[in-house]
Amino acid sequence: MATDLLPPILRALYRQTNEYVPADDPDRPPRIGISANRKDAQSCLSDMYVRSVTLAGGAPVIVPVTTDVRALTAVVETLDGLLLSGGGDIDPQFSGKEYIPGLEDVDAFRDSYDFILLRLAYERQIPIFGICRGHQLMNVAFNGTLYQDIHTACPNALQHTMSEQDETATHAVTIANIPSKLNALFSGKKTLQVNSLHHQAVKSLATEWIITASAPDGIIEAIEHPEYPHFSVQWHPERMAANGNEEMLPLFRFHVRQAQTFATARKYHDSILTVDSHTDTPMLFSETFDFGKKSESKVSLPLMEEGRTDVAFLAAYIPQGECDESSSKAATAYITDRLEQILRLETAYPQRMGIARTPDDCLRLKHEGKKAIIPAIENGYAIGKNPALVKTFKDMGVAYITLCHNGDNDICDSAAGNERWGGLSAFGKEVVAEMNRLGIMVDISHAAESTFYDTLKYSALPIIASHSSVRTLADHRRNLTDEQMKALAAAGGVMQICLYKEFINNIPDEASLSDAIRHILYAIDLMGIDHVGIGSDFDGDGELIGCRATNELMQITMRLIEAGLDRASIEKIWGGNLFRVMRKVQAVTLK
């Protein structure tokens, strides 16, 4: 095996090295970063972590202990997975607690290093596996708490710090009978025999996480996030796996598989255009808003960079108001100002982004290492009663206009309206024709069914739903029925699945990434792979458990890979289909 001791003969070592040809190894082992321990101011690590990762098919990379964020970032960006190793106690001050008697030596420097390392990996969607201290660390990092000393808090607890050999099982843990990674991994098993070398433990569980295994005394022995590729165990499986225990090795194999999926997803994102067709970030624009920094927004340049998202449509949104002349003029002025602010982003960050008007602009910007921003308008209310404004907005780079929002306007009826027109108004038909003539995509998200079918009838070019989901799966008026979806596909259009929780699950507070994947796969089955995409609605209250911001969109790619979709299909979903429509619509202006 790869960890066998080799003879101390240079010629033999060089021969073995030369015989391995990476080009013949299409499934490159994923790089698994392992957090180091710290002792006497030295970074160190038990060889058993390295051996376990190698036996599981991964390529171990020991991450030295440092709190230099720049250095750690450079390391993390090369990783496909992260294993948080065991070690000493975690300083209770990181949980806002004071020290108690029974707490062993702590190392706040290593704690800081581990929390930084974990955060960097989390923000980049890297799969994370925690062991013992790593298990406790993950719980604290996501707002859980710890028992500083089990026996101080729980006098009747088992003896969790054993003196037996490292690989010796000392007690059993019960696997929770719930859907979980651990349950699936050990299918059919109710208990596992594990070792035990700790005296801190999880007390209150981290937000959204679930308990997947417990000791007989009730101590939490394994936890995981139900959506993110993050899980942890309290025991030391590396001590058993490295010594030939096949029952523990599957934990490492599972982590390596998740890391391989991440590596594939990252490779896809590096080679294709990834496009989010609808964000409402311009709603947040203010004198202090900075698109180049992380803030309260779910879309920003740092988040696009971390998540390898190439293109974001920034929609200038305005809620529906009165349709009198003065209100319409005010709406036009407001949207014009928002569009001007979008365009100014390019001046503020010329080295990191550009304003794109066409799919080819987006490709050029990607090749230049920059992100692409495309202006759009949400709510044709901005047009008022003046069709000439369509040309004004086209000149400002607007790629699509959502005909309405939550209320009827002069153009059409809304899904949340009162059937003012019975579909498109006469003026609305004129607007659609003008959008066709000028090469602006017509967006029917938020539109009533009558408007949807009228738009299909009167538009000479394919239309889009920039952020809509499947009504069969979530019964919301804003979602499209199966009949609408099939009609949209038949007309060559595209439906961009929305990540707004009320459009994804009939119980909104439970809406998750898994639900969104069901919508995507359902749409593909019904409409065909050429007619589905993604429009997050981030910063317009779009977010799900497991996908809350632009940097987390790669989670969708990972799930689609796990669902069996190939690169070509994923490329279509991540903008290929939308840009096909965009090219066809814009082609009319090139004739």
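The values are calculated or read from the model by the stated rules, or taken from the named source; none is laboratory data. Every value quoted in this text rests on a predicted model; they were computed, and no experiment measured them. Methodologically, a virtual Cβ is constructed for each residue, glycine included, from the backbone with ideal geometry; neighbour enumeration extends over all protein chains shown. Ligands, DNA and RNA are stripped out before the accessible areas are found, and what is left, the full protein with its side chains, is counted by its heavy atoms. Shrake-Rupley method; radii C 1.70, N 1.55, O 1.52, S 1.80 Å.
In table form, for the structure just shown:
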item	result
Residue-count net charge about residue 328 - beta-carbon cut-off 14 Å; Lys, Arg +1, Asp, Glu -1	-3
Heavy-atom accessible area order for 105, 324, 515, largest first, 1.4 Å probe	105, 324, 515
Sulfur and carbon atoms: percent of accessible area, region 169-319 [1.4 Å]	51
Heavy-atom surface of the chain, accessible at 1.4 Å and reported per residue (Å²)	41
Whole-percent carbon and sulfur share, accessible surface of region 507-574, 1.4 Å	46
437, 471, reordered so the largest accessible area comes first (probe 1.4 Å)	437, 471
Shape category assigned to region 92-158 from the gyration tensor of Cα positions, a/c cut at 1.5	prolate
Residue 579 accessible area, 1.4 Å probe, all protein chains in place, Å² to nearest 10	10
Rounded to 5, percent antiparallel among DSSP beta bridges of region 112-244	80
Sequence of 203, 294 from largest to smallest accessible area, 1.4 Å probe	203, 294
Antiparallel %, DSSP beta bridges [both residues in the chain], to 5	35
Protection proxy ranking, peptides 391-400, 39-48, 347-356, average beta carbon neighbours within 10 Å, highest first	391-400, 347-356, 39-48
Projected label distance in nm at residue 208 and residue 174, using a 7 Å step from Cα toward the beta-carbon	2.9
Gyration tensor (alpha-carbon) shape descriptor, region 154-305, a/c threshold 1.5	prolate
Mean residue ellipticity (222 nm) of the chain, computed from DSSP H runs ≥ 4 via -39,500 (n - 2.57), nearest 500	-10500 deg cm²/dmol
Amide H within-cut-off set for residue 217, under 5 Å, with H built and near neighbours excluded	158
Mean-position separation - Cα centroids, region 278-295 and region 527-591, in angstrom	22
Sparse-neighbourhood loop sites, GluC sites (Glu not before Pro) in region 232-335 - DSSP loop, at most 13 other Cβ within 10 angstrom	246, 287, 296, 322
Virtual spin-label span in nm between residue 67 and residue 19, 7 Å along Cα→Cβ	4.8
Normalised alpha carbon radius of gyration of the chain [divisor 2.2 N^0.38 Å]	1.09
Heavy atoms of residue 147 accessible to a 1.4 Å probe, total area in Å² rounded to 10	50
Eligible lysines near residue 97 by straight Cα distance, threshold 25 Å, same-chain separation 8 or greater	39, 203
Calculated diffusion of region 307-388, Stokes-Einstein form, Kirkwood radius summed over Cα pairs, 20 °C and 1.002 mPa s, µm²/s	154
Percent RCO, i.e. relative contact order, over region 302-452, from Cα pairs under 8 Å lying at least 6 residues apart	22
Neighbour-limited loop hits for trypsin sites (Lys or Arg not before Pro), region 67-113 (at most 15 other Cβ within 10 Å; DSSP other than H, G, I, E, B)	97
Computed lengthening from residue 217 to residue 9, 0.36 nm per intervening residue step minus Cα-Cα distance	69.6 nm
Under the Karplus curve 6.51 cos²θ - 1.76 cosθ + 1.60, θ = phi - 60°, whole-Hz ³J(HN,Hα) for region 542-549, x wherever Gly or Pro sits	x, 4, 9, 4, x, 7, 10, 7
Amide H partners (placed H, <5 Å) of residue 171, local residues excluded	194
Fraction of accessible area attributable to carbon and sulfur, region 67-156 (%, probe 1.4 Å)	50
